[in-house]
Every structure is written in structure tokens, then in C-alpha cells.
Amino acid sequence: MNIQSCKPPLIGTNVLRDVMGPALLALGTAIAALTPVHTRADDFSPHSERVSLAKLDLNSVEGARKAYSRITAAAFDVCGESSMDFEVMFRGPGECVQGALARAVLDVRSVELSKLYIKKNGIKIAALHGVTSPIVTAENKK
């Protein structure tokens, strides 16, 4: 029985330049062509959506509830999430939605809206995002 060793042919720089160069260029072009032009999950540029709170009494529980509903819908839209996703229903909204909600609630400066945010998200999440509800006491009432 004869056993022969077989050495693979040496790949020279000409082969790499002539074959691999165009192959890598084609692969790069295909990746660039197939990548979405605009993705929200990986896009770190700010997105915003205007939410109308006109004709809402933000000092009432009902007005705050309606405002919170509108703000929540806009936050999910801007962050590219859906409140109907199983993961969102199981674990709650992602950090983007939580942050957007908190910023909107802080911007509105409504006591009722802040109380509703705290009720729905808990005091720990609210404190994490800086949302507090002023408690009127005899000492700070002036």
C-alpha cells in the first residue's frame, strides 16, 4: 500500500487579489443593499411625535388618563414597539418606551398625570426616571 502526501497548491497573492477581492466587494455590496435604510431599534438618532393634549383637563383624573393613553401610544410608536407583543405584555415595555413616557410626563408637569404614571409603573421605576408626585403637607403648603 502506497501512501502519498498531497500538498495543496499554494495560494498566491494574485489569486487572492483576483478572486477574493471581487468576492468580498460583492458580499459588502449585498449586505449594504439588503440592510434597511431606516431601523428604529438600532438607530440612535432622536425620534419624536407630537401629542395633542388640547381640550384635556390635566388636573382631573379623567383628563390625566386620556393624556397618559395618548402619550403611551406615541411612545410605543416612536420606539418601534407594540403593546401587543408577547414580550411587552409579559415583561412590560422596553427602556425606550419607559424613558419616553417619563420624559413626556415630566414635560407636561401635571400632578394627576404624575400620580397616574407612578400608579401604573410603580414608585421605583418612577423614581428611577425622576417622576415624583408632590405631596401637599402642612409644612410645604404655602
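The values are calculated or read from the model by the stated rules, or taken from the named source; none is laboratory data. Owing to the predicted nature of the structure, the values given are computational and were not obtained by experimental measurement. Ideal geometry is used to build each Cβ from the backbone, glycine not excepted, and the neighbour counts take in all protein chains shown.
Here is how the numbers come out for the structure above:
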| quantity | calculated |
| --- | --- |
| Residue within region 58-75 that is assigned to a loop (DSSP other than H, G, I, E, B), of a type outside the set (Gly, Ala, Ser), modelled with pLDDT under 90 and surrounded by fewer than 18 Cβ atoms within 10 Å (Cβ to Cβ) present | no |
| Residue within region 77-84 that is surrounded by 10 or more Cβ atoms within 10 Å (Cβ to Cβ), on the phi > 0 side of the Ramachandran plot and either at pLDDT 65 or above or in contact with a strand residue (DSSP E or B) (Cβ under 9 Å, 6 or more places away or on another chain) (or both) present | yes |
| Region 119-142 - residue that is in a loop (DSSP other than H, G, I, E, B) and aliphatic (A, V, I, L, M) and, of those, modelled with the lowest pLDDT | ALA138 |
